[in-house]
Structure formats: structure tokens, C-alpha cells
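Written out below as C-alpha cells is the structure these notes cover.
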Amino acid sequence: MAIKIKKIEQPELNFWENFYFPQIFGGLWITLKHILNFKPITVQYPEEVKELPENFRGLHIMPGDDDGEIRCVACKLCEVACPTQAISIVAEAADDYGIERRPKVYNIDFMRCVFCGFCVEACPCDALRMGMKYELASYNRAGLVHTKEVFFEPNVKSNAPRDNANFLYKMQKGEILDDMEEVAKIKDLDGTYSQK
Ligand code: SF4
Ligand code: SF4
């Protein structure tokens, strides 16, 4: 293959440029302008907290449902989706209407988590979201494994379907449920997964 050569001519400097003073004073003038227009960009943390963009992916939160319970049904889709195996879930049987299981243990290990948000994308019932908190410092490793009790934010509500039954029902109908009247109708059913 032929090698292409690009020849660049050395620019000619005039008499003054040969002394380099114009460039030096030009640079000093730019520095002086920045000093005169100085605006501090430092945030006095922790007294001041920087405003974060809406799509910031901070520490996870678990929204509550109308009964003040976490919405997680321990389906483990988030655990499977997590690329760093940061999530560990131990499920237990649930006797609530339409829910087979709930998490007995739900931990995220923040020594592993890379805040990619895949777990939130994978969750079928809006039980997990990325929050806005980012203060994660801990004196020991155990303090970096957060439990569902830490994630739970009962003040954050979600209208998405909570239970597997509702979700599967709507999935098989080809739509994702977001209508509370529909949810109420489905909850009147006898608790099986039979399709209408
Ligand atoms: S944000 Fe990403 S790395 Fe962290 S727990 Fe969720 S899926 Fe795993
Ligand atoms: S957080 Fe969502 S995806 Fe993860 S186990 Fe709970 S319901 Fe399933």
C-alpha cells in the first residue's frame, strides 16, 4: 500500500513574532480576563448540594404501593439482568392476593454495582428505581451491602401493577397495565391466573 505524505510548511514569523512577546502578552491578557470575570464553580459540600440532572442514576429506591408495602414480587429478573451479580434475593411464599412470592432478603452490594440501571429496566412491576442519593461512604464493607429496608421509600408511590398475576394477565393480552380501574377489576377475580 502506498504511503501518503502530507508536507506542512513551517509558517513564516514576522519581525515582532520572532520576539514571542505578542503571544506572551496575548496569553496573559486572556488569563487576566478570566481573573476579572471570576465566578466560583466549587460547591461547598455538604452544606451545599449540587443540583443533579433528572436522569441521574443514584442509589436505588423501592417505591411503595397503596398498602404501604414494597412492590417487589421476588421474580429475580433484576438479579438475572445485573451484569455484576450485585443483587441477591431470597424469596419467601406470600399469601397476599395474586402474589406468589415476596423477598425475604433483597440486597444490593454496592462494591459491585456500577449504577447501569439494567435492574430497573428489567423489573416488571416498578418495584425498583434509581434514586437521587449518592452518599455511599462506609467504614467497612458490610456497610456497602444495602437491604430492602434501606431501599424502601413508602412516600414514593407507583401506579404500575404490583403483582405477577396482573402483570402476566396484561402481558398475555399484549399490553402493559397502567390503569388502576383495570387493576381493580382483575383483583375481583378468584386469584387464579386464568385468562379472560
Ligand atoms: S444498577 Fe446495574 S450493576 Fe447496579 S444492581 Fe442494578 S443492574 Fe446491577
Ligand atoms: S425488584 Fe422487580 S425485578 Fe427485582 S425481584 Fe423485585 S419485582 Fe422482580
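The values are calculated or read from the model by the stated rules, or taken from the named source; none is laboratory data. Predicted model only: the values in this text are computed from it and were never measured. Cβ placement follows ideal geometry from the backbone for every residue including glycine, while neighbour counts extend to all protein chains displayed.
Quick notes on this one:
- Residue, farthest from D109 (Cα to Cα), within the range 1-19, restricted to residues that are of a type in the set (F, W, Y) and surrounded by 10 or more Cβ atoms within 10 Å (Cβ to Cβ): W16
Okay, residues lined up against (1) of a type in the set (A, V, I, L, M); (2) more than 16 Å from ligand 1 (Cβ to nearest atom); (3) without any contact (Cβ under 8 Å) to a residue 60 or more places away in the chain; (4) touching a His at 6+ places or on another chain (Cβ under 6 Å):
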{"residue": "Y45", "(1), (2), (3), (4)": "no, yes, yes, no"}
{"residue": "E48", "(1), (2), (3), (4)": "no, yes, yes, no"}
{"residue": "P53", "(1), (2), (3), (4)": "no, yes, yes, no"}
{"residue": "T84", "(1), (2), (3), (4)": "no, no, yes, no"}
{"residue": "A94", "(1), (2), (3), (4)": "yes, yes, yes, no"}
{"residue": "E100", "(1), (2), (3), (4)": "no, yes, no, no"}
{"residue": "P103", "(1), (2), (3), (4)": "no, no, yes, no"}
{"residue": "V114", "(1), (2), (3), (4)": "yes, no, yes, no"}
{"residue": "Y134", "(1), (2), (3), (4)": "no, no, no, no"}
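- Looking across the range 76-120, just one residue is of a type in the set (S, T, Y), within 25 Å of G143 (Cβ to Cβ) and more than 12 Å from ligand 2 (Cβ to nearest atom), and that is T84.
- The residues of the range 125-162 that are closer than 18 Å to L77 by Cα, assigned to a helix (DSSP H, G or I) and hydrophobic (A, V, I, L, M, F, W, C) amount to a single one, F151.
- For the range 133-150, a residue qualifies if it is among the polar types (S, T, N, Q) and farther than 17 Å from R102 by Cα, and the qualifying residues are S138, N140.
- Residue ID - modelled with the highest pLDDT, chosen from residues in the range 100-136 that are basic (K, R) and under 16 Å from V90 (Cβ atoms): K104
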